[in-house]
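Quick notes on the structure that follows.
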Amino acid sequence: SSGTRLVEDPNYREMNLAANNIYMRPRREQFPEHITSLVDHVGRDRDSPGPSLDQIRQDIDLDDLAMGAGEPDVEEYFKDKIFPRSACTLKRTDRFPMAKSAVPAVAGSDYKISNPVPDMLYGYSRNGAFPQQQARLLSMGTEMVANSQSLIYPFFVIEFKADGPSGPGSLWVATNQ
């Protein structure tokens with residue numbers, strides 16, 4: 001251990017991730033059919049509540065972000081307006097290390113995977129999401145546990161990035177018109 005983090009190694013993506021069957025894909029590359037089908041299914045039109053196009057256009061805070069904002073400002077906007085903490089069923093944790101069991105790794109690999117600490121992680125509340133299934137969840141051990149905060153079955157990982165450590169971030173908003 002040299003004291004540097006795994007992800008700071010310039011060969012981390014090519015060596016450590018690939019040795020553990022994790023690959024970074026170019027955006028131009030097509031998704032496999034089963035992934036495309038899932039993305040299409042999740043992205044289909046539905047009657048979910050959300051802001052109208054007019055509400056989005058009148059959001060002054062969103063306009064301010066689009067003009068340039070630091071990473072903390074972007075994070076606060078998303079925490080307050082886009083991804084608020086949910087009630088019983090869904091759960092959001094901020095900056096907690098993920099459980100090792102939630103990070104894919106090949107047994108016996110000499111190339112280790114870093115333990116992610118996402119800015120935000122969404123999953124289900126162990127105690128609130130599946131009240132009738134508590135005995136079954138307990139019998140499954142820790143395979144579905146995302147972190148130490150009773151978050152299980154993680155499904156949405158969020159990392160906030162800006163253009164530089166102190167420079168304004170770039171936020172682009174796309175709308176269907």
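The values are calculated or read from the model by the stated rules, or taken from the named source; none is laboratory data. Being a predicted model, the structure only gives us computed values, none of them experimental. Cβ coordinates were reconstructed from backbone atoms using ideal geometry, including for glycine residues, and neighbour counts include every protein chain displayed. Heads up: the accessible areas ignore ligands, DNA and RNA and are worked out on the full protein's heavy atoms, side chains in. Shrake-Rupley method; radii C 1.70, N 1.55, O 1.52, S 1.80 Å.
Below is a table of values for the structure above.
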quantity: The chain: relative contact order as a whole-number percent, Cα under 8 Å and 6+ apart; calculated: 26
quantity: GLU33 paired with ARG46, simple spin-label distance in nm, labels 7 Å along Cα-to-beta-carbon; calculated: 2.5
quantity: Per-bin percent of Cα-Cα distances, the chain [10 Å]; calculated: 8, 23, 35, 26, 7, 0
quantity: Over the stretch 23-108: Kirkwood hydrodynamic radius from C-alpha pairwise inverse distances, Å; calculated: 17.4
quantity: Convex hull volume of the stretch 63-144 per residue (C-alpha atoms, cubic angstrom); calculated: 114
quantity: Å² per residue, accessible surface of the chain at 1.4 Å; calculated: 74
quantity: Residue-averaged 222 nm ellipticity for the chain, from DSSP H runs of 4+ at -39500 (n - 2.57), nearest 500; calculated: -5000 deg cm²/dmol
